[in-house]
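Okay, so here's the structure we're looking at.
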Amino acid sequence: MLLGKKKEKSVEIPSASLSDIVFLLLIFFLVTTSIDTEKGLDLILPDIGGETKVPKKNITNLLINAAGQVLLDNEVVEISDISRIIKDKIFKNELLIVSVKTDKETKYETYVKVLDQLKKAEAKRISLAEPEED
């Protein structure tokens, strides 16, 4: 009988096919991942320089000042009431366009809350106006 030291085999992970495996995993995750398209704002922007005349009865003005107060047709309203009021106005006039105008100092959070209320009211025609320069 031979008694002696056994040679230890070196344990090694073959790295030749590692890049192939990583590439296949990457493709698998890209194919199986779903992207939610409902997030964000669905805006259709007009052509550059396009201008359309709209009757005043089809426009309602929504102003947001720097303090976060919202004026809807020159009446102060709460942000939570915008959805209900706009929904009623759209029911009366299907061609209604909501013109949203902000102050330069308006907080973005308030602006997004107002846009969320308009989305909740299912307002499809929204005009986003630029803040006036001083």
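Remarks
- Search result, residues across the range 58-84 that are assigned to a loop (DSSP other than H, G, I, E, B) and in contact with a strand residue (DSSP E or B) (Cβ under 9 Å, 6 or more places away or on another chain): Asn65, Ala66, Gln69, Asp73, Asn74, Glu78
- Annotation note: Cβ proximity below 6 Å between a residue of the range 90-119 that is exposed (fewer than 11 other Cβ atoms within 10 Å of the Cβ) and part of a loop (DSSP other than H, G, I, E, B) and a residue that is modelled with pLDDT under 90 and of a type in the set (A, V, I, L, M, F, W, C) (sequence gap 6+ or interchain) occurs for Glu105/Ala66.
- Hits in the range 53-86 - residues which are touching a residue at least 12 places away in the same chain (Cβ under 8 Å), out of contact with any Lys or Arg (no Cβ under 8 Å at 6 or more places or on another chain) and exposed (fewer than 15 other Cβ atoms within 10 Å of the Cβ): Val54, Lys57, Asn58, Asp73, Asn74, Ser80, Arg84
- Any hit, the range 32-46, residues being modelled with pLDDT of 85 or more and either surrounded by fewer than 10 Cβ atoms within 10 Å (Cβ to Cβ) or out of contact with any strand residue (DSSP E or B) (no Cβ under 6 Å at 6 or more places or on another chain) (or both): yes
- Test result for Ile126, modelled with pLDDT of 90 or more and surrounded by 15 or more Cβ atoms within 10 Å (Cβ to Cβ): no
The values are calculated or read from the model by the stated rules, or taken from the named source; none is laboratory data. Just so you know, these numbers come straight off a predicted model, no measurement behind them. Note that each Cβ is placed from the backbone with ideal geometry, even for glycine, and that neighbours are counted across all protein chains shown.
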